[in-house]
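**Q** First the structure, then my questions, so here it is.
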Amino acid sequence: MRRVILVHFFAVSVFIAVFIYQPPAENLLSDLIFAAVSLEMGFVAQYSQKRLFRLLALLIWCFAYPHIFNTLIGLADLSWDSALLMGSEGTFSFFTYLAALVFTLIAAVLSFRLLLKSFKPNRYLYYFLLPFFALTTSFFIEAGRSGLLVWSEFISNPAGIFSQFLGQFASLNIPFILGLTFIQLMLLILLGDD
């Protein structure tokens with residue numbers, strides 16, 4: 001229970017810092033919200049006794065989890081002026097972004113671990129699900145970045161989006177997908193339970 005309280009304390013601290021110092025990162029607040037939602041769904045799944053709540057938490061988590069890594073990908077769009085970092089305002093903004101980045105990565109790993117623990121898979125299924133989720137998440141992120149995936153269309157016409165996705169599969173950035181999958185696997189394996 002102490003971990004739950006500490007996680008919420010750090011989450012609130014990061015949200016407050018983002019509101020105050022407003023780092024120049026696009027969609028940082030929405031990425032933090034997705035990270036917090038995925039983490040909450042992990043806690044709901046872990047501490048819930050009802051399978052229906054765990055299943056609902058899994059569905060919401062599957063929607064929120066891929067958005068977490070947008071903060072990491074957003075690093076490519078940022079540049080920090082070293083002269084600005086020497087001033088207190090720039091330093092606070094920079095470290096606020098770093099705190100948000102670290103929080104989203106911790107939320108990704110912790111929510112994944114909590115969710116999987118709640119369903120109690122055996123070791124073989126666990127090591128199958130790890131790369132499966134990492135690769136699937138990378139595909140969804142790349143599809144969202146390239147404009148192939150729009151959630152409102154996906155919900156209203158999943159078959160049409162799937163056929164469009166398969167038709168434009170060759171235009172996806174495969175090195176991006178493989179790199180992001182590797183980073184996720186590294187985080188999930190090295191920071192996971194042994």
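The values are calculated or read from the model by the stated rules, or taken from the named source; none is laboratory data. Because the structure is a prediction, the values reported are computed rather than measured. Here the Cβ positions follow ideal geometry from the backbone for every residue, glycine too, while neighbour counts run over all protein chains shown. Please note that ligands, DNA and RNA were not included when accessible areas were found on the heavy atoms of the full protein model with its side chains. Shrake-Rupley method; radii C 1.70, N 1.55, O 1.52, S 1.80 Å.
**Q** Hey, any idea what % of region 1-120's accessible area is carbon plus sulfur with a 1.4 Å probe?
**A** Roughly 70 percent, rounded to a whole number.
**Q** In nm, to one decimal, how far is the PHE176 label point from the LEU56 one, both placed 7 Å along Cα→Cβ?
**A** A separation of 3.5 nm, rounded to one decimal place.
**Q** For region 1-120, what does the accessible surface come to per residue with a 1.4 Å probe? Please give it in Å².
**A** Accessible surface, normalised per residue, equals 57 Å².
**Q** By the scheme Lys and Arg +1, Asp and Glu -1, what is the net charge of all other residues having a beta-carbon under 14 Å from that of VAL7?
**A** +2
**Q** Also, I was wondering about something else. Using the Cα centre of region 1-120 as origin and beta-carbon charges of +1 (Lys, Arg) and -1 (Asp, Glu), tell me which of LEU72, GLN46, VAL102 is placed farthest towards the positive end of the dipole.
**A** Final value for the positive-end residue is GLN46.
**Q** Could I ask something else about it? Over the C-alpha atoms of region 1-120, what are the Rg and the largest Cα-to-Cα span, Dmax, in Å?
**A** 15.7, 54
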